[in-house]
Amino acid sequence: MRASSNALILLAAGLVGMIAMLPGVGGPIRRALEPFRFAVQSHAASQQVAIVEMDARSVAAIRRWPWPRHHYVTVIDRLRTAGAATIVFDVDFSSASEPVEDHAFAAALQRAGGRVTLPTFGQQAGTGDLRTLDALPLAAFRAHAALASVSFSPEVDGLVRALPLATITAGTPRPSLSAYIAARAGVADADYPVDFSIDPNTIPRLSFVAVERGAFDPAVVRGRNILIGATAIEMGDRYPAPLRGVLPGVVIQALGAETLLSGMPILATPLASFALALLLCLPGIRARRRDVAAAIFTAGMIAITVVVLAAQRWLAIYLPLGLGWLMLSTAGALFVMRDIFRRFRAGRLHDEATGLPNQRAFAMRGAQQGGVAAVVQLTNLEELSAVFDTMQVAQAIVRTAERLRLCSAHDVVYRVRSHQLALLMPTHEIVEDQLATLRTLLLQPVEIAGRKVDVAVALGIAEDGDMSAAALAAGEAAAAGVFWRRATLNRDRLENAVSLMGELDAAIAAGQIEVHYQPKLALATDRIGSVEALVRWRHPERGFVSPGAFIPLAEQADRIEPLTLHVLTRVMADAARWRAAGYAVTAAVNISAKLLDAPAFIAAVDRLLDGAPVAPEALIFEVTESAAMSDPAVATATLRHFCDRGVAISMDDYGTGQSTLSYLRELPLSELKIDRSFVQYAHERESDAKLVRSTIDLAHALGLKVVAEGIEDAANLAFLRAASCDYAQGYFIDRPMPFDALVGRLAERALAGAVTG
């Protein structure tokens, strides 16, 4: 029996492995493990390649695009004089510029004596036109320069993982930039995996404008292959990559060259990992004990990881890691399932301490037989446990069960929970008569270790056989101090959801709906520059009703429109009051996604703005990223309408949806709010820090302000200051507060600023 189950486990692990090797199946596993593979063997670059960056500093210095070609002339001469081995451009030279500039550039290529390589690439002819047009440098440039391809394509998830060894442009096979630098030959359109374990920050870099001015160390250039390309954000040419985040195209080309300089990568057949994983499964599934098996399977996963990573690092052989992990974890999981099944198969229907049938057995019997479910709750079990040991307490429970059997329809009593026994009572007898008999029996003490002990009980019954309802009734009887209670349908939750929305309009009219304000700290001035309006419901009977409880209900019941209009009216009045007191603070109001395509709501807001006691410029409408993206055309039209009225538009929870740069360009935004999930650990996690910094830089480049949410400590706030964030919001800054408290806080901040100034 054991041998056959071992064979089944091994067969299942092998079957899972074969499925994972099918085309399209193993891809998600491989992609999920890539960051781990690269992170654990992260290492420095070989220093054989250096990058001359067309960076933000260079863009600011030259101030034109395309750059006049005399800048490239100077850089080529500087690099040639400094002793560069090769000078490889990732810059398009397929279009003519001024004749004098082109002539000078051609002359510089001739002076370089064949050390310069220029790019070729293919691009789609146009929208809807799938033809590929090949771009080559001008004929005058090709006479004195080598040509290499810069074309590559991200995978289906948008990440770049591989580069071609060569491509065909203008009918001629040409090496890729990386293959040209590493002097590696290959078949056109055959890709190789880029080794992203190479840390891109260790590749030597020089600013383009520094090289042009001669302000660089020639030792950084001498004997190296020099790649020249754009790294400035405004130049685009940026691609996401595993582990390393978004990288400029020239950096990816450099990493490709570094990969090939270490050796030609070999994509090994997954059969090697498959066979190794099967071999490592054998000792684990043959183990007798679960802890031993766990240690063996863990050691197997470590072993296959070491083999795969070592082959990649030192032999440039790429073996699938996820395949082995999947097979070993499958075998381990099946082993545990088998062990659990064997361990509990015999006793699955019985309580271990007392030997009584358990809750599962009760459910099976009740489904077959039916009857009145009765649950007896031992109300002094804790006291008994404090006086007697575990075995003696179990004896007391068994003695109580023996008395209950006298009234059981099937002579069976079940221990359904540690402090509860259950039985099925016959339906042909009057329940109250049976309960009278039970009470008489249970009032008599039981004997434990030669001592008479009173076991206190409370009982609940459910005539439809529902044990859970009977258990609730037993708890209610115990709390009320009575012997028994009949289960009744609890409609409180249903009534609460229905009646709450029926009371909302009255609550608005009665002033129970309040607006509190959470400040946003302007980091440049260290003063409160804006606030977010948050709704609060103080119910006279229910007390504080959480926004998370009634706002979703209001959206579902189409009551969100009057609630939002009420909040907006209150915010306008409050903003007028604090502005009259001298505080030029803007106020943000959240707008539900359901309202962006509601003509009646838009018209109502227009009427409020027409008669508002405060200028529209004092208001911000916050919409979630998902709201803006659900129907972009409608959202854009609505938001642009409000923007034209003077209201600022903020995108809330940015980063949690599926935003694209085109949406940021098209929506009339004034502000981005970065979601707290990205912000709160940005001062501790480098990956989060890069995301936050890049988002801030992107927003500022688009002319948008940035608000960071979820600030809960000083270190997080200091990071945001250093990253040039505009506003910070969170409990570390201030909690939401009513109007009077806000005005007081504004005064405190203003006074503190005046003293500091």
- prompt: Where only protein heavy atoms count, and the probe is 1.4 Å, what is the accessible area per residue for segment 557-600 in Å²?
  reply: 40 Å²
query: Per residue of the chain, what 222 nm ellipticity follows from adding -39500 (n - 2.57) for every DSSP H run with n ≥ 4, rounded to the nearest 500?
result: -14500 deg cm²/dmol
task: Calculate the length of the line joining the C-alpha centroid of segment 61-79 to that of segment 563-640, in whole Å.
output: 49 Å
- prompt: How long is the gain from Ser418 to Leu349 if the chain were fully straight, where each residue apart is worth 0.36 nm and the alpha carbon distance is subtracted?
  reply: 23.4 nm
- line: Plugging the Cβ-Cβ distance of Val336 and Val100 into 1/(1 + (r/R0)^6) at R0 = 60 Å yields, to the nearest 0.05, a FRET efficiency of 0.20
task: Subtract the Cα-Cα distance of Ala44 and Trp314 from 0.36 nm times their separation in residues, and report this length gain in nm to one decimal.
output: 95.8 nm
message: Taking only Cα atoms of segment 683-725, what ratio of Rg to Rh do you get with Rh as the Kirkwood inverse-distance radius?
response: 0.95
query: Quick one: length gained pulling Leu243 to Gln392 fully straight, 0.36 nm per residue minus the C-alpha distance?
result: 47.7 nm
task: Considering the options Val306, Ala386, Ala479, tell which one lies farthest towards the positive end of the dipole of the chain, charges being +1 on Lys and Arg and -1 on Asp and Glu at the Cβ, about the Cα centre.
output: Val306
field: FRET efficiency estimate (nearest 0.05) - Cβ-Cβ, Ala7 to Ala363, R0 51 angstrom
entry: 0.90
query: Could you list log10 I(q)/I(0) for the chain at q = 0.07, 0.10 Å⁻¹, which the Debye formula gives when each Cα is one point scatterer?
result: -0.84, -1.16
message: How high is the relative contact order of the chain? Use alpha-carbon pairs under 8 Å, at least six apart in sequence, and give a whole percent.
response: 9 percent
query: lysines near Lys673 by alpha-carbon distance under 18 Å, same-chain residues fewer than 8 away left out - which ones?
result: Lys520, Lys690, Lys705
Residues of type aspartates and glutamates that Lys594 reaches as a straight line, Cα spacing below 12 Å, ignoring anything fewer than 8 places off in the same chain: Glu555, Asp558, Glu561, Asp631
message: If I compute solvent accessible area with a 1.4 Å probe over the protein chains, what percent of it on the chain is carbon and sulfur?
response: 56 percent
message: Suppose all protein chains stay in the model; what accessible area per residue would a 1.4 Å probe give for segment 1-141, in Å²?
response: 50 Å²
- request: Take the alpha carbon atoms of segment 245-263, find their center, do the same for segment 8-54, and report the distance between the two centers in whole angstrom.
  value: 17 Å
query: What value does segment 1-87 have for Rg/Rh, both radii from Cα atoms and Rh as Kirkwood defines it?
result: 1.40
message: Taking 10 °C and 1.306 mPa s as the conditions, I'd like the Stokes-Einstein D for segment 1-159 in µm²/s, using the Kirkwood hydrodynamic radius from alpha carbon pairs.
response: 77 µm²/s
query: Where both residues lie in the chain, what percent of DSSP beta bridges are antiparallel, nearest 5?
result: 50 percent
- request: Could you give the size of the charge dipole of the chain about its Cα centre, using +1 on the Cβ of each K and R and -1 on the Cβ of each D and E, expressed in debye and rounded to the nearest 20?
  value: 2420 debye
task: Largest first and in whole Å, give the semi-axes of segment 153-217's equivalent ellipsoid, each being the square root of 5 times a Cα gyration tensor eigenvalue.
output: 28, 18, 12
query: Once the dipole of the chain is set up with Lys and Arg at +1 and Asp and Glu at -1 on Cβ about the Cα centre, which of Val25, Met264, Ala510 lies farthest towards its positive end?
result: Met264
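The values are calculated or read from the model by the stated rules, or taken from the named source; none is laboratory data. From a predicted model like this one, the values you see are computed outputs, not experimental measurements. Note that we place each Cβ from the backbone using ideal geometry, even for glycine, and neighbour counts take in every protein chain shown. For accessibility, only protein heavy atoms count, side chains too; no ligands or nucleic acids. Shrake-Rupley method; radii C 1.70, N 1.55, O 1.52, S 1.80 Å.
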